[in-house]
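Undergrad: Here it is: the structure, laid out below.
Read the figures in this text as sums done on the coordinates, not as results from a lab. None of these values were measured; they are calculated from a predicted model. No Cβ is skipped: glycine too gets one built from the backbone with ideal geometry, and neighbour counts run over all protein chains shown.
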Amino acid sequence: MTSAATTDDTMTLHHAALYVSDLEKTRDFYTGVLGMKEIARPVDFTFPGAYVKRGGAEVHVVVEIEPDRTAQLRQKWSEEELRIGYVVHFALRVDSLDPYRRSLAERDLQPVGGLASEPTTLSRSTSSTLMGTSSSSCASTMRRPRTDVAPSSP
């Protein structure tokens, strides 16, 4: 049986939504480090948050209203899981990581995890992951395009 859902190749990801504990740090990361622009949110969204966009990438940030809720939801990833990228994440493709690395260094942010030759996950501290898991205070992953990716397992 064929349906429109199986033949429509025009689908793209509209946005990723992240649950965060600190709106200002999150806003600074996405606008200051990644150069995204803050865009308007629907007027009927009365909960705290922000939307940012750059090119076709859009991130919707929802701020916790129950203190420490983000910390309660945060996954406890092992160093090995962080190292190999075996964590919940989303990815942003960029031409070069160099300008982002410079921007991170200006903010005293250090890479955590990723392959030794290719840092992929970034963090301000162990309690405030900036790139990596989706339940942390900010989340995303940047990687260089790879040509050695193995096929997905069923």
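Undergrad: Starting with the highest mean, order 8-16, 71-79, 51-59 by the number of other Cβ atoms within 10 Å, averaged over the residues of each peptide.
TA: Going by the mean number of other Cβ atoms within 10 Å, highest first, we get 51-59, 71-79, 8-16.
Undergrad: Length gain on complete extension for the stretch VAL62 to LYS37, per 0.36 nm per residue less the alpha carbon to alpha carbon distance?
TA: 7.4 nm
Undergrad: Please arrange ILE65, ILE84 by how many other C-beta atoms lie within 10 Å of their C-beta, fewest to most.
TA: Neighbour counts put them in this order, fewest first: ILE65, ILE84.
Undergrad: As an exercise, use a Förster radius of 22 Å and the Cβ-Cβ distance of THR7 and ARG93 to find the FRET efficiency, rounded to the nearest 0.05.
TA: In this case the efficiency is close to 0.30.
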